[in-house]
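The values are calculated or read from the model by the stated rules, or taken from the named source; none is laboratory data. No experiment lies behind these values; they were computed from the predicted model shown. Positions of Cβ are generated from backbone atoms using ideal geometry, with glycine treated the same way; all protein chains shown enter the neighbour counts.
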Amino acid sequence: MDLLTIGAFAKACRLSPKALRLYDELELLRPARVDPDTGYRYYTAGQLEQARLVAWLRRLGMPLARIREVCALGDPAAAAREIRAYWARVEAETAVRRDLAAFLVDQLSATPRKDTTMLELRYCARSDRGLVRPENQDTAYAGGRLLAVADGFGPAGAPASRAAVRALRGLDSEEVPAGNVLALLEEAVRGAHDAVREAADGSDEVGTTLTALLWTGSRTALVHIGDTRGYVLREGALRVISHDHTVVQSMIDEGRLTPEEALSHPQRALLLKALTGGAPATPDLRLHDARPGDRYLLCSDGLSRVVGHGRIHDLLARAPGPDDAVRALVAEANAAGGPDNVSCVVADVREVVEAARPGAGSRAHDHSPPVQGASACPLSFRP
């Protein structure tokens, strides 16, 4: 058997001798022979393929522990699936960082906004027990600056969802500078976690999901954790602006599951992240420029799990106003069997007309208490 010195092998596979020694210590790429007297490492030509794979995966930024798993598979097709899954996760995380970077560049460059149109929100919230659950553990809130939906779970799920939304309500009481919005949201979510932990009495079996939008007058800032969802209807197209923190969504992201297969997966309700009585989880924070005509929807999975994306689009697009939209969406979820509590908040971005500028009723449907099992608009609801 012809052996290559560590120097010759390093040159052939484009890994440094230092890296090869490290990979030997980590049992990632063991030499074929080690001289018992000098400790000098030797490799075979047959090891080049694995060494090159390790080098390529390191250039991708894959952690060494995951590289070890890929190399141990043996089957090229299985290794390809693992690499595809890893890269899908990287792209999803990069998209979130890209949005944040764009916002920071915009703020630090202090580029004045060309659009000086004054905008306002017209909004409505509604929460319904559904047709199956004995109680409503959802909480929905709509105010002039804050929109929120929380979906509680566990024996104290209702108090947990109320506590999370109540902790954010301070953001609705005063104007929020666009440059500080992410920091304010992050701090508010820490307060929400503390409030949920108290409601849950320290149990990680009790908690809530949370999706909220904070309005700055020109942008919306999204905070999200769990499987409640945020959507925006813009120029006729409906887009999901949150990312589910669930087992099945992670499997879809990694290419292990199709969206169609996820609908009937036995673990489709299993959360990866939530606000609980246990250790805090990191929420997603994203920023979106608002445009006149945008329609935002926040909802619990009691809607998104039983009403398809296309149908949600149709109902949102046809409704004349937010109150009509939330009524139609809740009714559709119940028509589909109402297997879960269902909560919806819909808000329209409108240009401010002179008669409705601050002091003249620009904050429509502004009801201060969180909505649980009821509506923040003058609508009928299921008890």
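Points worth noting:
- Residues that are at pLDDT below 90 and touching a Pro at 6+ places or on another chain (Cβ under 6 Å) within the stretch 194-218 are absent altogether.
- Single condition Gly46 does not satisfy, out of (1) closer than 25 Å to Ile252 by Cβ; (2) modelled with pLDDT of 85 or more: (1)
- Residue check for Leu275: touching a residue at least 60 places away in the same chain (Cβ under 8 Å), surrounded by 22 or more Cβ atoms within 10 Å (Cβ to Cβ), of a type in the set (A, V, I, L, M) and on the phi < 0 side of the Ramachandran plot: yes
Rundown of residues vs (1) crowded, with 19+ Cβ neighbours inside 10 Å; (2) assigned to a helix (DSSP H, G or I); (3) of a type in the set (Val, Ile, Thr); (4) in contact with a helix residue (DSSP H, G or I) (Cβ under 6 Å, 6 or more places away or on another chain), yes/no style:
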residue: Leu4; (1), (2), (3), (4): yes, no, no, no
residue: Asp24; (1), (2), (3), (4): no, yes, no, no
residue: Leu29; (1), (2), (3), (4): yes, no, no, yes
residue: Glu49; (1), (2), (3), (4): no, yes, no, no
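- Counted residues, the stretch 311-332 - those being buried (at least 19 other Cβ atoms within 10 Å of the Cβ) and within 19 Å of Tyr141 (Cβ to Cβ): 7
- Any pair with Cβ under 9 angstrom, 6 or more apart, that starts in the stretch 190-214 at a residue that is assigned to a loop (DSSP other than H, G, I, E, B) and ends at one that is of a type in the set (Val, Ile, Thr) and buried (at least 21 other Cβ atoms within 10 Å of the Cβ): Ser203/Thr276; Asp204/Thr276; Glu205/Thr276; Val206/Val196; Val206/Thr276
- Checked against (1) closer than 30 Å to Gly202 by Cα; (2) out of contact with any helix residue (DSSP H, G or I) (no Cβ under 8 Å at 6 or more places or on another chain), Pro280 passes all but condition (2).
- The listed residues are Glu235, Glu260, and the only one of them that is at pLDDT below 90, of a type in the set (D, E, K, R) and surrounded by fewer than 20 Cβ atoms within 10 Å (Cβ to Cβ) turns out to be Glu260.
- Counted residues, the stretch 71-114 - those being in a loop (DSSP other than H, G, I, E, B) and either modelled with pLDDT under 70 or outside the structural domain of Leu48 (by TED's automatic domain parsing) (or both): 5
- Filter result for Ala19 (among the aliphatic types (A, V, I, L, M) and either exposed (fewer than 13 other Cβ atoms within 10 Å of the Cβ) or modelled with pLDDT of 90 or more (or both)): no
- With respect to being within 18 Å of the chain's Cα centre (by Cα), modelled with pLDDT under 90 and not hydroxyl-bearing (Ser, Thr, Tyr), Ile252 fits the description.
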